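Undergrad: Submitted below is the structure of interest, expressed as C-alpha cells.
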Amino acid sequence: MNRFDGKIALLTGAASGVGKATAIRLASEGAKVFGLDINAEGMEDTKATVGAAGGEMTCRVTDIGSVEECHAAAAACVETYGGIDVLGNIAGIANQRHVHQVTEAEWDLMNNVNLKGMFFLTQAALPHILEREGNIVNIASNAGLMGQAYTVPYCATKGGVVNMTKALAMEFVKQPIRINAIAPGGIDTPLVHNFELQADIDFALMQPYIGFRDASTAEQIAGLFAFVASDEGANIHGSIISADGGLTTS
Amino acid sequence: MGRYDGKVVALTGVASGMGRASAIRIASEGGTVFGMDINAEGLAATAAQITDAGAGAGAGGTITTRVTDISDHTECAAAIQECVDTHGRLDVLGNFAAISWMRNTPDVTFEEWRRMFAINVDGTYFMCQAALPHVLAAEGNIVNIASNAASMGQAYLAPYCATKGAVAQLTRALAMEYVKQPIRINAIAPGGTDTAMNANYELAADTDFDLMQAAMGHRGFGQPEDIAALFAFLASDDAGNIHGSIINSDNGLTAS
C-alpha cells in the first residue's frame, strides 16, 4: 500500500528541480499529480518520466503571478481529478544582485512568483483541501530564516513565505487540515545553477549561506515533502522544517 | 527491505511513550535496538513486545536492553560501550529519556531542579559524548528530543523549559562542531503528546489556566507513534541533507 494512493496533488514548479522531483516521488507513491509551470517543455518531460514509471500526471501551463490563473488552475485540477488533497507551492525564482541594481520589474516579478502566486493559489485550493482534509506544503528557503548578502528581494519573499505559512496555520488550526513549509538550503537545481555572480562580490559575506556541506539534491527535498504531506506527518502543523545541511544552525 | 536493515540504534527512554514507540518502529523497519531506561519493568515490556513472535507492530524484531540511569555520566559511557560490545557498532543514538513536572516557581527545590537537569541535559549530553566516536565510525546520526518548551515560555514549567532550551542549543552547537564530518545531529521538538509524562502532571490548586492556553493549543495531544514516524524518517538515509535542524512536530503550538 502506498502513502498517496487515491490522493490528488497540485504542484507548482513541476518543470524542474524540486517540483519535478516531487511530482515524480508523489506519483511513484500513488498520487495523481496535477502539475503547473510556466515552462511547458520541462513539464512535459516531467510527465514523461512519471508516465514511464506507470504514474499519472496532467500538466497545465500556468503563470502563478496571475490571480486569475491561480484560480483557474485550481479549478482545472478539481475538474480533472475531482479534488485536491495536497497543494505543493514549489515554484520560485531567484537571482543575485547588489541592492542598487534591483529594478522595479525584477522586484515585482520575484514577489509575483514567490509570494503573491503562492498566496492566491493557496486561496483557490483551500476550500478543496478543507473538503478532503488534506494539507499544504510551501517551499521556503534558508533565505527566509537568515540574512543573505546580494539576495535581498529573494530573502524578503522567502521570509514572507515563512510567516505566511505560520499565519495560515494559525487561521486554520481548528480545522482538520495541515499547513507547513520546508526550508531547503542550496539545492542542485536550475534555480541555483542560473545564479549569475555580479561584479564586486565580497565572498566573505557569502560564506554563511554556502556552508560546509554539499548542496542537497532535489530528490532529498522531495523525500521530505512526501513525508510531511503524508499521513505520517499527522502531528506536524505550522512547522518550518529546515533541510539545509546546517546552514541555519549557526 | 527495511530502512534500518543492518543498523544498530541506541535509544533512551524506551520503557514508555515516544521512546517505546520509536523502539517498536525502528525494529519494525529492520533495525537492531539497544534500549535503555531506568524503569526495568517498562523496558522489559517494550522488549517483550518486540521479541514476541506475534503479529503486533515491531514483532519479530531485535532488541537488547540495559537498565541505565543516564543522570550518571559513567553509566552513559558504560551503556554505549555495552551496545558496541554486544552489537559491534552504533549507527543512531536517540535521546528520548526525560522527566517533567509542573510547579509554581516558589515551590521548586534545589534538588528537584538539579534532578531535572541531570536527566534532561546531563544525560543527553553525556550520551552524545559517549556515542560520538561510534557514530563517526558508522557515519550515522544523533536525534535528540527537545520540546515546544524549548522555544516558547511556558508558565509553571521554568525548569523544564530551561532543560529543553538547553537540549535545542546543545544540538545546534554539536551540529556546528561536526559540520565538516559525515554525521548528522538534529532534534525533534514535539508538542504535548499522549504519554505518561503528560498524564502524570499534577497541577497546583492556584494554577491560572489563562497562562497555559498557548501551550495547550487547539488540536489536543499528538500520538507517540507520530513522533516515532518522524524519528524514523529523520534518522534514516532519507534525511541525508538534514543537519542541525530542530523539527517542530506540535500540532501548531509554535506557529504563533
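Undergrad: Please sort through the DSSP H helices of chain B and keep those with an alpha-carbon extent of at least 20 Å along the long axis and a Kyte-Doolittle average not below -1.0. Mind showing how you got there, number by number?
TA: Numbers: long enough: B:73-87 (21 Å, -0.18); B:123-138 (22 Å, 0.97); B:158-177 (28 Å, 0.35).
For chain B, where a helix must reach 20 Å along its axis and average at least -1.0, the hits are B:73-87, B:123-138, B:158-177.
Undergrad: How long is the gain from A:VAL61 to A:HIS193 if the chain were fully straight, where each residue apart is worth 0.36 nm and the alpha carbon distance is subtracted?
TA: Residue separation times 0.36 nm, minus the Cα-Cα distance, leaves 45.2 nm.
Undergrad: For the ranges A:168-177, B:134-143, what's the packing order if you count other beta-carbon atoms within 10 Å of each residue, average per peptide, and put the highest first?
TA: Going by the mean number of other Cβ atoms within 10 Å, highest first, we get B:134-143, A:168-177.
Undergrad: Next question. Over every pair of different alpha-carbon atoms in chain B, take the mean of 1/r and invert it; report that Kirkwood radius in Å.
TA: Answer for chain B: a Kirkwood hydrodynamic radius of 18.2 Å.
Undergrad: Identify which of A:ASN89, A:ASN235, A:ASN112 has the largest mean-square fluctuation in a Gaussian network model of chain A, with springs joining Cα atoms closer than 10 Å.
TA: The residue that fluctuates most here is A:ASN235.
Undergrad: Here's a follow-up. Measuring from a point 7 Å past the Cα of B:ASP208 along Cα-to-C-beta, which residues in segment B:78-121 have an amide N at less than 18 Å?
TA: So the set is B:102-108.
Undergrad: Just to be sure I understand the model, the point goes 7 Å from the Cα along the line to the Cβ. What's the resulting A:ASP214 to B:ALA173 distance in nm?
TA: 3.1
Undergrad: Starting from the Cα of A:ASP202, step 7 Å along the direction of its Cβ; do the same at A:LYS174; then give the gap between the two resulting points in nm.
TA: Calculated label separation equals 5.0 nm.
Undergrad: Next question. If neighbour count is taken as other Cβ atoms inside 10 Å, put A:CYS77, A:CYS155 in order from fewest to most.
TA: The most exposed by this proxy come first: A:CYS155, A:CYS77.
Undergrad: Given contacts defined as C-alpha pairs under 8 Å and at least six residues apart, what's the relative contact order of chain B, whole-number percent? Numbers along the way, then the final one.
TA: Working: 525 pairs, mean separation 49.7, N = 256.
The normalised contact order for chain B reaches 19 percent.
Undergrad: Do you know the relative contact order of chain A, to the nearest whole percent, from alpha carbon pairs under 8 angstrom that are 6+ apart?
TA: For chain A, the relative contact order is 20 percent.
Undergrad: Further question: When B:ASP210, A:ASP108 are ordered from fewest to most other Cβ atoms inside 10 Å of their Cβ, what list results?
TA: Fewest-to-most ranking of B:ASP210, A:ASP108: B:ASP210, A:ASP108.
Undergrad: Calculate the length of the line joining the C-alpha centroid of segment A:163-207 to that of segment B:35-52, in whole Å.
TA: 42
Undergrad: Going by how many other Cβ atoms sit within 10 Å of their own, how do B:PHE209, B:PHE233, B:PHE221 line up, fewest first?
TA: Least to most surrounded, the residues fall as B:PHE209, B:PHE221, B:PHE233.
Undergrad: Counting helices only, and only those DSSP H runs with n ≥ 4, report the 222 nm mean residue ellipticity of the protein assembly as shown as the sum of -39,500 (n - 2.57) divided by its residues, in deg cm²/dmol to the nearest 500.
TA: Using -39500 (n - 2.57) per qualifying helix, the result is -13000 deg cm²/dmol.
Undergrad: While we're here: Could you go through segment A:191-198 in sequence order and give the Karplus-derived ³J(HN,Hα) for each residue, using 6.51 cos²θ - 1.76 cosθ + 1.60 with θ = phi - 60°, rounded to whole Hz, and x for Gly and Pro?
TA: Result, rounded to whole Hz: 4, 7, 4, 7, 4, 9, 6, 7.
Undergrad: Among the listed pairs A:LYS32/A:LYS166; A:LYS20/A:LYS116; A:LYS20/B:LYS180, which are separated by more than 23 Å between their Cα atoms? All intermediate terms of the calculation are to be shown ahead of the outcome.
TA: Working: A:LYS32/A:LYS166 27 Å; A:LYS20/A:LYS116 21 Å; A:LYS20/B:LYS180 30 Å.
Violating the 23 Å limit, Cα to Cα: A:LYS32/A:LYS166; A:LYS20/B:LYS180.
Each value in this text was obtained by applying a stated rule to the coordinates, not by laboratory testing. Only a predicted model underlies this, so the values are computations on that prediction, with no experimental measurement involved. Neighbour counts run over all protein chains shown; Cβ positions are idealised from the backbone, glycine included.
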